[in-house]
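To start, the structure itself, in structure tokens.
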Amino acid sequence: MTALIQARGLRKSFGATDALRGIDLDIQRGEVVAVMGPSGSGKSTLLHCLAGVVLPDSGTVSVGGILVTALTEARRSALRLTEFGFVFQFGQLLPDLTAVDNITIPLLLAGMKRRQALTAAHEALGRLGLAGAADQLPGELSGGEAQRVAIARALVTQPSVLFADEPTGSLDSLAAENVLTAMLELVREAGTTLVMITHDPRTAAYADREIIVRDGQLAAADRVGIQ
Amino acid sequence: MDNSLTLLGLLSVEPSYGYDLKHTYDRFFGVRKPLAFGQVYASLARMTRDGQILALADEAGGGPDRKKYEVTEVGRTRVSQWMFTPDIPSDTLQSNLFAKTIIALLVDDNADRLLDVQRTEHLARMRELTREKQGADLMRVLLCDHALFHIEADLRWIDLTAARLTQLRNEIKLP
Amino acid sequence: MNASVVRLAVIGSRGAWGRLLGITAGVAVGVTLALLLGGAYQGLDARDERSSWMNASGEYVVGGDTRAGAVTADMASLGEDRVLLAPTTDRHDGARIVRLDLAAPITSSVTIPGIAHLPQPGQYYASPALIDRIAQLPADELGDRFGTLAGSISDSVLASPDSLVVVVGADASALIERSAAQIVTSFTDVAYRPSTNYQTVAIVGAIAVLFPVLLLVSIVTGLGASARRERFATLRLIGATPRTVAAIATLETAATSLVGALIGVVLAALLRPVAALVSVDDEVFFPSDLAVTPFTAAVVVALTVATSAVTAGWRIRRADIGPLGQTKQRQEKTPSPLRLLPLAGGLGILTAITVATLAELPVPHLGTLIIIGFTTTTVGLLMAGPYLTLFAGRIMARRSRTAAGVIAGNRIRRTPVATFRSVSGLVVAVFMVSVFAAAATTADVGAAPGDGPGRLPISTLIQYLDPTLDAVDFAPTEEVRARLAAISGVTHVTTIFTIDSGNGFDTSQLLMLADSANDLSLGPVPPAAVVSINSDALSGATAVFTPSAETTDVAALTPSIVLIGTDGSTAAIERARTALQTGAIAGTGWLPAGTRTDHADDRLQSMAASFATLAYLGIGVATLIAGLSLAIATISAMIDRRRMLALLRLHGMNLAGLRRIITLEAAAPLLAVMALSIGLGFLVAELILVGLTGGGRSVGWPDARYIGALTASAVLALTAVAAAVSRLGKNTDLAAIRYE
């Protein structure tokens, strides 16, 4: 079986600093992968390249057979809309929109009718145990609740890959664990591929495997073909 | 930590007298608890018996402390095997991992890889524990969490050490 | 407070410099405009005061007065302390000339300011602009009307460099026949009465410009607020007290706006000659008229600095920045319906004034009340704006089907005050434009006279004769007629008669000889010796000739009006006008020869028209500033929210979607309040006009300039938003967001 995400020879530099220095990586469909490594090692740049947010200076990324690195910005936007979901550490909800409205945004962007989108959003909130918070603004939610709303929003379009960058980084241990369990449950159930940056080994322990990025390269054990 | 393997590792840096070996050991690992001479000679005798080291030709005024030992090929293989076999994550692991790292640096082997291998082992154990938590009762979960936090502490030490290897290498250069 | 802390807090980054520059520039523009407007207001007063001598008046000469000291045709009868003055409004090529005919003995002690000596018969003094005009034209078109140039009238007694004023020396015997002649003893202490209506409109106009200026200053001082809040939060974290942080903000704004205000003072001085070229009430200013005293300038600077600094400090205190910054977005208070009260109050005041005026109740301080009503209404519109914006946002958030609509709608309903602030300038501008456009419609009621079949051509000079004069020779003799007819460009000279019915002349009954009626070729003339012509034919109605029922006796007719047809060239008209004045025809003195156009150009109407011009000028400035404010506000709102916008891009929204969000956020409040602004504008104009004129005037349909102004506002708004939006791509770089 060919890997869902295949990255070959990824290189990317910002000015004088080399963020990625030749990365080869395969991620299987439905796999949960933790990306670890010291700060500034290039984890986020790797994630951005895989998701088509940033184009590498050289190298290729293909997702499900589509060569992401060859697409125009508009096509990559469309790909992000339908195939990818994103969760960040904090502050990713639109502060002016209620929880349920926040979740409808990707659906509306995908062209769904408002009424249907609202129904789907309520359902998504319910699955994360947040049915009661539907009409609250992000400012009125706790950190854990806000993260769960963000997860609901990322997954509501049923993407094939969920990219998460320190999704529990700003939460305490218990809240982090609750958020993670909820996210993992949904991801495993739907067979979504999860690529999750984390510096926390306990978070990484939820993954099927971890890859370690150091100085823009994968740690030896993670290189393709070495396993 | 395994004293005799550590001594064997030190000997693989360069041939040494038992007396010097003890002092080198103490310098790196005996800060809290220096090694007794008797222990050193007992280990040397055992390693000689196992063919991991051999005593060089006696020099003038022989005696056990005037013998110079050298590591054999068997001994080198043993050291390498020891270094790159990850330990089972446990409370007592740390000093052994530390010893392995120092020896790897001293013999100019790949300390990075050693730490990576150990990290992988640690994470594998953590995954195991995390899986165990799923669906378990709270007591079991808390027990797993206890183990997880300890392993995590080790992992943090591994990360920190990995980040400081170059500095460490410079500091332990044998005189 | 440590100086380096201040430096760190104020100019921590390159963006901070941009912010400070923006504030400085905004304040500079504001102060410049404020000073020029203040100067113009004073200048209007100064203008009236300087030219007040032209309004000198006195008793009219009573014919046949035989009392001791009575003024007679003998110059000596005036003595040393009296002169005979006959003011008229002469014209040349559409321009008005203030003509003062003056008879004074050479020994007279009466003086006219700005003139060395009183002119003797045949001499004249003229304003520089008029001297120029005379010099550029053949004498028979203008110069011959006055005689010999004796000197120029000093600028110090002229309203404007453009003023056309002439003081002409004459014999008492000639002037005493004029019905306008009056006995004047002094030109120096003439009480001048500034036109309060005019001043009211001028103040209203100034307010129209000042509001957008204030909004601009308020917007620029809020520039980059979110970046600055973060910097202040850091200061708080390392130990600065809220008081220190507020003090830094106050100090920073004070310093910046002081620099801006000083630049504004310099700019105002530099721009004075340009601003003086703006024609108000048909006349440009002397640059010195626009100068403000150093004291006024100092007060403006001090007020600007104090207000902006205190506001900045207050804003920061209110924002309540903790050591950790504002982790949660500050919730705006939902605007309450109470915000509609000032608007209702303002309209109430204006309505009350109108009702009182219509009921002919005395209204004290009418002008002041109208200004108060107008200002309250404007402020009320600004206060009501957020409430209406909130409504628009709610509807949009609920009804929208697109992501952009939902996002923009919710943003608007959560932050109606901030959203409205960015468009408030344009809303005020449109309100003002509507007020002035509506007010100006009254000026266009008797729009410029035109030609048409059966209508007296506008190239025909109409000279009213004054049959009430005792002089016998008021009628043009054949010789005079022949001389007039011989002027190059004159096509015919026709006399219109009246008949003396026994008790005075019936001026509504205009009669013509059939031959001369045919000369006019205005339509069929019935076969009769004497025909009657409708009197409103002289003011542009279609001429209708009917056989005269009154008389057919030519000898019984009294000449009343002379029509001089010309080929329509300015030269011909002015030659004929000059010939009329120098000839033996005694005009009425009140109304010198003029075309239909000249006669329609009545003072009041042209004043209203010049208000409109002034208003459009002010609105132009205001709209530009408002557009600028909108662009600045949109850009700064965008920068403050760049992380959010970048995240939306990440989630797959394309740039067009982001553009729609920003555009909707500007458009929704504009549309919500714009219709109201326009409606209110017309209502307020109607109320003010009716109030000022006691019901004499009311508004009509606005002219093309209004549509132009509205279009310009719309284009400006679009441009402003487009300019802001064009920076979206750069500001929402996806890679940058994680680190902010």
Rounded to the nearest 5, the percent of antiparallel DSSP beta bridges in segment C:57-184 equals 65 percent
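May I ask you to sort C:125, A:206 by Cβ crowding, counting other Cβ atoms within 10 Å and putting the fewest first?
Taking fewest neighbouring Cβ atoms as first place, the list is A:206, C:125.
Please rank C:41, C:387, fewest neighbouring Cβ atoms within 10 Å first, as an exposure proxy. Don't skip to the answer; put the middle values down first.
Details: C:41 17, C:387 21.
Sorted ascending by nearby Cβ count, the order is C:41, C:387.
Specify whether the C-alpha gyration tensor of segment A:167-222 places it in the rounded, prolate or oblate class, a ≥ b ≥ c being the square roots of the eigenvalues: rounded for a/c under 1.5, otherwise prolate if a/b is larger than b/c and oblate if not. All intermediate terms of the calculation are to be shown ahead of the outcome.
Details: a/c = 2.68, a/b = 1.43, b/c = 1.87.
Because a/c hits 1.5 or more and a/b fails to exceed b/c, segment A:167-222 counts as oblate.
Assigning unit charges at the beta carbon (Lys, Arg +1; Asp, Glu -1) and nothing else, what dipole magnitude in debye, to the nearest 20, does segment C:124-189 show about its Cα centre?
Details: 3 positive and 9 negative charges, 16 e Å.
The calculation lands at about 80 debye.
Over the whole of C:394-403, what's the average partner chain Cβ count within 10 Å per residue? Rounded to a whole number, please. Don't skip to the end; give the middle numbers.
Numbers: counts 0, 0, 0, 4, 1, 1, 2, 7, 4, 12.
That average works out to 3.
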For labels at residue C:55 and residue C:704 in the simple 7 Å Cα→Cβ model, what's the distance in nm?
3.7 nm
Efficiency by 1/(1 + (r/R0)^6): what FRET value for residue C:266 and residue A:13, r their Cβ-Cβ distance, R0 = 30 Å, to the nearest 0.05?
0.05
Restricting to Cα pairs below 8 Å that are 6+ residues apart, what does the relative contact order work out to for segment C:57-184? Please round to a whole percent.
38 percent
What number comes out for the charge environment of residue C:288, summing +1 per Lys or Arg and -1 per Asp or Glu over other residues with Cβ under 13 Å away?
+1
Which one, C:148, C:163, C:135, projects farthest toward the positive side of the charge dipole computed for segment C:57-184 from Cβ point charges (K/R +1, D/E -1)?
C:163
With a 10 Å Cβ neighbour count serving as the proxy for reagent exposure, in which order, fewest first, do C:398, C:577 appear?
C:398, C:577
Does segment C:343-383 classify as rounded, prolate or oblate by the C-alpha gyration tensor (a ≥ b ≥ c root eigenvalues; a/c under 1.5 gives rounded; else a/b over b/c gives prolate, otherwise oblate)?
oblate
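For peptide C:644-657, compute the average count of partner chain beta-carbon atoms within 10 Å of each residue's beta-carbon.
Working: counts 6, 1, 1, 6, 4, 4, 10, 13, 17, 7, 7, 3, 1, 3.
Mean partner-chain Cβ count within 10 Å for C:644-657: 6.
Determine the gain in length on full extension of the stretch residue C:656-residue C:488; use 0.36 nm per residue of separation and subtract their C-alpha separation, reporting nm with one decimal.
On the way: separation 168, 0.36 × 168 = 60.48 nm, distance 6.97 nm.
Working it through step by step, the gained length comes to 53.5 nm.
Roughly how big is chain B's charge dipole about its Cα centre, with Cβ charges of +1 (Lys, Arg) and -1 (Asp, Glu), in debye to the nearest 20?
Using Cβ point charges on Lys, Arg, Asp and Glu, chain B gives about 160 debye.
Does chain A classify as rounded, prolate or oblate by the C-alpha gyration tensor (a ≥ b ≥ c root eigenvalues; a/c under 1.5 gives rounded; else a/b over b/c gives prolate, otherwise oblate)?
Numbers: a/c = 1.88, a/b = 1.50, b/c = 1.25.
Judged from the Cα gyration tensor, chain A comes out prolate (a/c at least 1.5, a/b above b/c).
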Assuming R0 = 60 Å, can you tell me the calculated FRET efficiency for the pair residue A:208 and residue C:401, based on Cβ-Cβ distance, to the nearest 0.05?
0.90
What nm value, rounded to one decimal, do you get for the distance between residue C:296 and residue B:157 when each label is placed 7 Å out toward the C-beta?
8.3 nm
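With a 10 Å radius around each residue's Cβ, average the other Cβ atoms per peptide and rank A:177-183, C:302-308, C:682-688, highest first. All intermediate terms of the calculation are to be shown ahead of the outcome.
Values: A:177-183: 20.7, C:302-308: 17.4, C:682-688: 22.3.
So the peptides A:177-183, C:302-308, C:682-688, ranked by packing, come out C:682-688, A:177-183, C:302-308.
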Return the distance in nm (one decimal) between the two label points of a simple spin-label model at residue B:90 and residue C:361, each offset 7 Å from Cα along Cα→Cβ.
10.3 nm
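I need the calculated FRET efficiency for the pair residue B:80 and residue A:172, taking r as the beta carbon distance and R₀ as 41 Å, to the nearest 0.05.
Details: r = 44 Å, r/R0 = 1.06.
My answer for the efficiency is 0.40.
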Sorted on mean Cβ neighbours within 10 Å (highest first), peptides C:623-632, C:115-124, A:151-160, B:158-167 come out as C:623-632, A:151-160, C:115-124, B:158-167
Per residue of B:120-132, count partner chain C-beta atoms within 10 Å of its C-beta, then hand back the mean as an integer.
4
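Values in this text are rule-based calculations from the coordinates and carry no lab data. These numbers were taken from a predicted model, which means no experiment stands behind them. Neighbour counts are summed over all protein chains in view; Cβ atoms, including those assigned to glycine, are modelled from backbone coordinates with ideal geometry.
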